[in-house]
Structure formats: structure tokens, C-alpha cells
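Structure, as C-alpha cells:
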Amino acid sequence: MKIWCFQHFEPEEAGLIGKWAEDRAHSIHTVRLYQGDALPQIAPDEALVIMGGPMNVDEDERYSWLAGEKALIAQHIAAGGRAFGVCLGGQLIARSLGAKVTRNPHKEIGWWQIRFTAQALAEGPFAGFAPKMKVLQWHGDTFAIPAHATHLASSEVCASQAFSMNGGRVIGLQFHFEAEEREVHDFVRFFSNELQEGGPFVQDGAEIIAGLEENAAPCREALYRVLDRWAAA
């Protein structure tokens, strides 16, 4: 499978998604929109991975590529293509499908527990998972679940953590399954101002880095299971 990866900010790379693609003999091609790379033409049988970033999905005037990116995502999904979005990427998929993206009641940063819906556990990308798991969060905005999509997960402070549609060919996540040790250290370094601002659902940098020991391996396993199902959908 040929995968296009849209990157919006330096530290928010494909991470473990790239390693999964290599392990499964898929090719992955990174488009660094923040560096001025042009949006590619994507065939319906190719796949799209959309990464995170600090911008809001509707800052079209500030980020010249955003409007075109949203149009391309909508077109690719309408053609039956696969799309997998992480954090901002999930928000961009939702927005491209007509759903709202708004400020979350609190910023959610650090290792926090999500709960899967009963439907998510019964079928789809998270079928057979444990009902709860800790994942890395790093967001201030949140997406509404698009029309015709299935709501898959929530957390204490964010109702919309994941959705899927088109038989699992489209998946949007609010959290970061893909961040491994280097990415987590980069997040802590690049977004230190957010950590200093704090909040009831904001962990400090030391706690976030320490959380890798307990949570990195389960998140990697979960990501691989979800991506295998996405690729087979």
C-alpha cells in the first residue's frame, strides 16, 4: 500500500506509524506542509495519514495549505480512500466531513485514560480491546463525531476521542498512539509553554516522560492492531 503522510509541525512525525508501514512492507511518503511541500494527487487505492500540529483546523488565512488539505481529505474519503488522522489529523478529517471542531473544556496533556464504547469493543478497529487504556494526550481542541461515523472512545474531560466510518477505512483519533520515546521528549521540549501554563488535566514534563515505561509498549501494540485492521478494511 502507498501511504501519504501529511505533517504539519516538526516534532509531530509519523513515528510508530512509519515503523508499522516499514514492518508491513508499505511505502510511506511524507508531505511536510509546514515547509511548503505541495499537496499531492492521491489515488483512491492509496492511503492518507494525517498527523498532529498546534494549529486550529480553521486557521486558513494563517496557514495557506489548510483549505486545500481539507478539500483533498474530503475528496479522498468520498472516493472510498483510506484516511487515518491523529490529534489535529483527526480534527481535520472531522472538519472535512462537516463536523465542528471546538475548544475542549480543558487542555488534556499527558497520559490519561480513555474508555471505549460498547460498539467499539464489539466491532471495528478496537474490537476485543480492554474497555479502558492509558494513552498520550496533547490537545486543547476537540472534534464532534461526523455524521454517519461511529463514536469509539471518550475520556473524563473529552467526550470525542475516536471515530471510524466507511467500514473502518476512515479513522480519527484525538490521542497519540504513534509517539515513541523520541517524539515524547520532543513534545515536552517544543510545547514546554503549555506545560508551564498547567491545568487540571495537564501533567508535567517529568511525569509524561516517566509514563513511557508503563504505557509505550501497550500503545505500540494497540496501534499496530488498529493499523492492521485499517489496512485490511
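Would you call Trp20 of a type outside the set (A, V, I, L, M) and within 16 Å of the chain's Cα centre (by Cα)? Steps first, please.
On the way: of a type outside the set (A, V, I, L, M): yes; within 16 Å of the chain's Cα centre (by Cα): yes.
Taking the combined requirement at face value, the residue satisfies it.
Go through the stretch 189-223 and give me each residue that's free of Cβ contacts under 8 Å to residues at least 24 places away in the same chain, of a type outside the set (D, E, K, R) and under 19 Å from Gln113 (Cα atoms).
The answer is Gly198, Gly205, Ala206, Ala210, Ala217.
Can we say Arg82 is in contact (Cβ under 8 Å) with a residue 12 or more places away in the chain, crowded, with 21+ Cβ neighbours inside 10 Å, charged (D, E, K, R) and over 26 Å from Glu181 (Cβ atoms)? Break it down into steps so the answer makes sense when it comes.
On the way: in contact (Cβ under 8 Å) with a residue 12 or more places away in the chain: yes; crowded, with 21+ Cβ neighbours inside 10 Å: yes; charged (D, E, K, R): yes; over 26 Å from Glu181 (Cβ atoms): yes.
Judged against the criteria, Arg82 is a match.
Can you pull out every residue in the stretch 175-206 that is acidic (Asp, Glu), in a loop (DSSP other than H, G, I, E, B) and surrounded by fewer than 21 Cβ atoms within 10 Å (Cβ to Cβ)? Spell out how you get there, then give the answer.
Filtering the stretch 175-206 for residues acidic (Asp, Glu) gives 178, 180-181, 183, 186, 194, 197, 204.
Next, from what is left, pick out any that are in a loop (DSSP other than H, G, I, E, B): 178, 180, 204.
Within the stretch 175-206, Glu180, Asp204 qualify.
Can you tell me which residue among Trp65, Trp112 is within 29 Å of Glu207 (Cα to Cα) and of a type in the set (Phe, Trp, Tyr)? Lay out the reasoning, then the answer.
On the way: Trp65 fails: within 29 Å of Glu207 (Cα to Cα).
Checking each option against the conditions leaves just Trp112.
Report whether or not Val31 is within 17 Å of the chain's Cα centre (by Cα), in a strand (DSSP E or B) and over 23 Å from Ala99 (Cα atoms). Quick ask: steps written out before the conclusion?
Working: within 17 Å of the chain's Cα centre (by Cα): yes; in a strand (DSSP E or B): yes; over 23 Å from Ala99 (Cα atoms): yes.
Yes: the conditions hold for Val31.
If I ask for residues that are part of a strand (DSSP E or B) and buried (at least 16 other Cβ atoms within 10 Å of the Cβ), which ones from the stretch 116-139 would you list? First the steps, then the outcome.
Going residue by residue through the stretch 116-139, those that are part of a strand (DSSP E or B) are 116, 132-139.
Within the stretch 116-139, Phe116, Met133, Lys134, Val135, Leu136, Gln137, Trp138, His139 qualify.
Any residue at all in the stretch 156-163 that is assigned to a strand (DSSP E or B), at pLDDT 95 or above and not hydrophobic (A, V, I, L, M, F, W, C)?
Within the stretch 156-163, the first condition is being assigned to a strand (DSSP E or B), and the residues that meet it are 162-163.
From what's left, at pLDDT 95 or above: 162-163.
From what is left, the residues that are not hydrophobic (A, V, I, L, M, F, W, C) are none.
There is no residue in the stretch 156-163 that is assigned to a strand (DSSP E or B), at pLDDT 95 or above and not hydrophobic (A, V, I, L, M, F, W, C).
The values are calculated or read from the model by the stated rules, or taken from the named source; none is laboratory data. A quick note: this is a predicted structure, and the numbers were derived from the prediction, not measured. Cβ coordinates were reconstructed from backbone atoms using ideal geometry, including for glycine residues, and neighbour counts include every protein chain displayed.
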